[in-house]
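Worksheet: the structure to be examined is printed underneath.
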Amino acid sequence: MQNYIEVEAETVEEAIDIALTELETTREDVNIIIINEPTKGILSFGAKPAKVRATLKEDITTSPETVLKEILTRIGIDGKVESDFIEGSLHLNMVTDSPALLIGKHGQTLDAMERILNCIINKSALAKKKVFVDTEGYRERREQSLVDLAHQVAAKVRRTRQDVILSPMSAKDRRIIHLALQGDDTVSTFSQGEGDMRRVVIASDDY
Amino acid sequence: MFKELIEYIVKSLVDYPDDVVVREVTGEKVVIIELSVIDEDLGKIIGRYGRTLKAIRTLLYTAGLKANKKVILELIEEPRTEA
């Protein structure tokens, strides 16, 4: 797949113009590498033209579904990708025979997949759109178990009046805990620690 | 197989896919993937706080689980050679 062309002309600007005409595209959709700056020789001897290489940016028609499917195949997992629009966002659901492998510990693999996919499809997009990735309804199950955990721990904190520090979680998971206990005025929540070690603390408010 | 996975992901992420070089060194239990991209693209594959690179490693690890191998990704930063 050749997605670039090389053009020679008297000046760099001219070469870029020709390249854009050849590729039938605009300056925003290509990357330009200047291979040679033009050099002037004596009369016409030793003069070298300007040479540029214009590379088309990632094909904009590459759909998120296709990219996700391509990644799955290369990981060695067969299956299909279903897509659905929920509240204006694209949600992709992977239907495969290895859901556990794709979810990973606390959804780590799912999160990695989502991140890479978003990086790829939003690479050259001006308006970034987040795409969500899920399998076997994991996201919803995880949210439910985090909400349950939040309420259980909150009950314990109320009873013992001792603060509880939860295990480290991703920003997404911590957010679910904070939201679950937002309306509870007997406990308060905050996060402590940095990076991968950031944890939610559920603290007693009742003194 | 691991090489194809990395090539696909990295080439889709960078601005200069033609300058992506991936080498695979296969051992009995361990596979080492050596990756290099041009300097301008380093940030694209590392990401803020290294999050993108970490995600790439996670997917590679998953592919490794499937194939029963431990896969290590090494980012090679070539010293600039003067022409």
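The values are calculated or read from the model by the stated rules, or taken from the named source; none is laboratory data. If you're wondering where the values come from, they're calculated on a predicted model, not measured in any experiment. In this analysis, Cβ positions are derived from the backbone assuming ideal geometry, glycine residues included, and neighbour counts consider all displayed protein chains.
Of note:
- So A:I120, is it touching a Ser or Thr at 6+ places or on another chain (Cβ under 6 Å), crowded, with 19+ Cβ neighbours inside 10 Å and within 11 Å of chain B (Cβ to nearest Cβ): yes
- For the range A:57-104, taking the residues that are over 19 Å from A:N118 (Cα atoms) and in contact with a strand residue (DSSP E or B) (Cβ under 6 Å, 6 or more places away or on another chain), the one that is surrounded by the most Cβ atoms within 10 Å (Cβ to Cβ) is identified as A:I77.
- Residue list for the range A:73-103, filter: touching an Asp or Glu at 6+ places or on another chain (Cβ under 8 Å), within 19 Å of B:E4 (Cβ to Cβ) and assigned to a helix (DSSP H, G or I): A:R74
- A:L56 in contact with a Ser or Thr (Cβ under 7 Å, 6 or more places away or on another chain) and modelled with pLDDT of 95 or more: no
- Any hit, the range B:33-53, residues being closer than 17 Å to A:I71 by Cα, within 8 Å of another protein chain (Cβ to nearest Cβ) and modelled with pLDDT of 95 or more: yes
- The range A:132-157 - residue that is more than 14 Å from chain B (Cβ to nearest Cβ) and outside any helix (DSSP H, G or I) and, of those, surrounded by the fewest Cβ atoms within 10 Å (Cβ to Cβ): A:G137
- The criterion of at least 1 residues that are free of Cβ contacts under 8 Å to residues at least 60 places away in the same chain and in contact with a Phe, Trp or Tyr (Cβ under 8 Å, 6 or more places away or on another chain) is met by the following helices (runs of 4 or more DSSP H) wholly inside chain B: B:39-46, B:51-67.
- When the range A:162-207 is filtered for residues that are within 14 Å of chain B (Cβ to nearest Cβ), in a loop (DSSP other than H, G, I, E, B) and more than 23 Å from A:E140 (Cβ to Cβ), the ones remaining, listed by number, are A:E194, A:R198.
- Pick from the range A:172-188, criterion in contact (Cβ under 8 Å) with a residue 24 or more places away in the chain and either out of contact with any Gly (no Cβ under 9 Å at 6 or more places or on another chain) or loosely packed, with under 12 Cβ neighbours inside 10 Å (or both), ranking: farthest from B:R51 (Cα to Cα): A:T186
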